[in-house]
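Below is one structure, written out as structure tokens; comments come after it.
The values are calculated or read from the model by the stated rules, or taken from the named source; none is laboratory data. These numbers were taken from a predicted model, which means no experiment stands behind them. A quick note on method: Cβ atoms are made from the backbone with ideal geometry, for glycine too, and the neighbour counts reach across all protein chains shown.
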């Protein structure tokens with residue numbers, strides 16, 4: 001019997017909720033949107049914290065494979081014991097007709113790609129970055145890049161089509177001699193209609209939300225804020241998130257106007273967005289397309305960001321945000337926005353329109369479904 005449309009998709013991801021990160025949110029939001037379109041979704045991920053092996057979450061079947069107790073929160077390594085084999089065997093029950101794997105370098109992606117090849121199921125790989133991973137150590141980064149190339153050359157044997165969460169992510173695939181088939185943009189759900197914005201005219205609230213890592217530009221933001229505070233006593237900086245740098249900066253930057261919020265769930269984060277005037281996300285290395293920039297735009301925050309990765313596909317400098325390249329530019333841009341309400345309003349309104357027009361999950365999921373359907377139909381025609 002011929003198939004003329006996708007019915008069941010398995011998504012393989014290194015981590016999934018409650019683990020928080022950009023890829024986790026991408027996977028969860030995509031799965032929910034696919035389900036709205038009548039497609040069954042199975043998410044296969046790592047059991048990094050003794051979670052349930054099988055769980056139904058919002059109609060999405062989640063299967064968690066065991067991993068070794070090493071690098072559990074940065075790089076899950078599957079433990080191929082009887083429990084692992086049982087979960088992989090269970091996939092046969094779902095009549096999967098398409099597989100999506102997140103990133104080239106997670107071993108869970110390799111698990112999904114090999115399963116697809118073995119069972120003649122098309123595999124679609126999504127690139128989420130635009131540069132080699134870094135742990136801020138030149139020696140480890142060097143060997144990490146070698147490992148990434150080795151793993152990529154292997155997983156390429158099992159993948160049918162390649163996509164990126166931004167054009168920049170697609171371009172990065174060329175580094176591995178991969179020609180991308182298109183963009184499956186990182187997107188967000190339109191949650192703005194359920195939230196009342198509460199901008200305070202007397203106090204300018206500045207927000208960073210993400211992992212607290214050195215590469216994210218946190219130190220540069222904190223230094224810039226302190227400089228701006230010398231001439232502005234009506235500003236507050238909120239730092240939302242967790243990471244290995246958090247204990248150090250909490251100890252170093254003791255300031256009544258700097259609020260370290262720690263790890264927040266999305267409901268808490270939305271409340272923080274609603275009072276934010278300026279959102280700063282300025283990593284000093286490329287990323288795919290940061291979800292937090294889209295969320296901030298949807299909540300009518302004016303955004304300061306770095307022009308790395310897919311960010312410049314969202315932010316057009318001085319039209320719907322400000323792009324900076326170093327700490328001095330960050331400080332000057334903060335000062336500019338703090339003291340110019342009209343500019344803040346202009347940038348935030350333009351960014352809101354950009355996000356609504358181009359980066360909403362309903363539109364992205366439709367493109368993903370269409371691309372997968374087209375591949376399946378072409379494959380079936382070639383087999384006739």
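Remarks
- Residue in region 235-250 that is within 20 Å of residue 331 (Cα to Cα), touching a residue at least 60 places away in the same chain (Cβ under 8 Å) and either surrounded by 18 or more Cβ atoms within 10 Å (Cβ to Cβ) or within 17 Å of the chain's Cα centre (by Cα) (or both) present: yes
- For region 117-137, filtered to residues that are modelled with pLDDT of 95 or more and crowded, with 23+ Cβ neighbours inside 10 Å, the residue that is farthest from the chain's Cα centre (by Cα) is 123.
- The one condition in (1) buried (at least 23 other Cβ atoms within 10 Å of the Cβ); (2) in the same structural domain as residue 203 (by TED's automatic domain parsing); (3) over 25 Å from residue 224 (Cα atoms) that residue 368 fails to fulfil: (2)
- Subset tally (residues that are in a helix (DSSP H, G or I) and under 18 Å from residue 27 (Cα atoms)) for region 122-169: 1
- Among the candidates 9, 23, residue that is crowded, with 20+ Cβ neighbours inside 10 Å, at pLDDT 95 or above, under 22 Å from the mean Cα position of the chain (by Cα) and at negative phi: 9
- Unique match (being within 16 Å of the chain's Cα centre (by Cα) and farther than 23 Å from residue 28 by Cβ) among 365, 282: 282
- Scanning region 65-82 for residues that are at pLDDT 90 or above, within 17 Å of residue 53 (Cβ to Cβ) and under 21 Å from the mean Cα position of the chain (by Cα) returns a single hit, 76.
- For residue 198, the test of being surrounded by fewer than 16 Cβ atoms within 10 Å (Cβ to Cβ) and in the same structural domain as residue 315 (by TED's automatic domain parsing) is passed.
- At least 3 residues being touching a strand residue (DSSP E or B) at 6+ places or on another chain (Cβ under 9 Å) and free of Cβ contacts under 8 Å to residues at least 60 places away in the same chain is the threshold, and among the strands (runs of 3 or more DSSP E) wholly inside region 1-119 those reaching it are 40-47, 54-57, 60-66.
- Consider region 307-355 and keep the residues that are assigned to a helix (DSSP H, G or I) and in contact with a strand residue (DSSP E or B) (Cβ under 6 Å, 6 or more places away or on another chain). The one that is farthest from residue 222 (Cα to Cα) is 351.
- Some residue of region 210-219 being farther than 19 Å from residue 20 by Cα and either out of contact with any helix residue (DSSP H, G or I) (no Cβ under 8 Å at 6 or more places or on another chain) or surrounded by fewer than 19 Cβ atoms within 10 Å (Cβ to Cβ) (or both): yes
- Residue check, residue 347 more than 18 Å from residue 26 (Cβ to Cβ) and surrounded by fewer than 20 Cβ atoms within 10 Å (Cβ to Cβ): no
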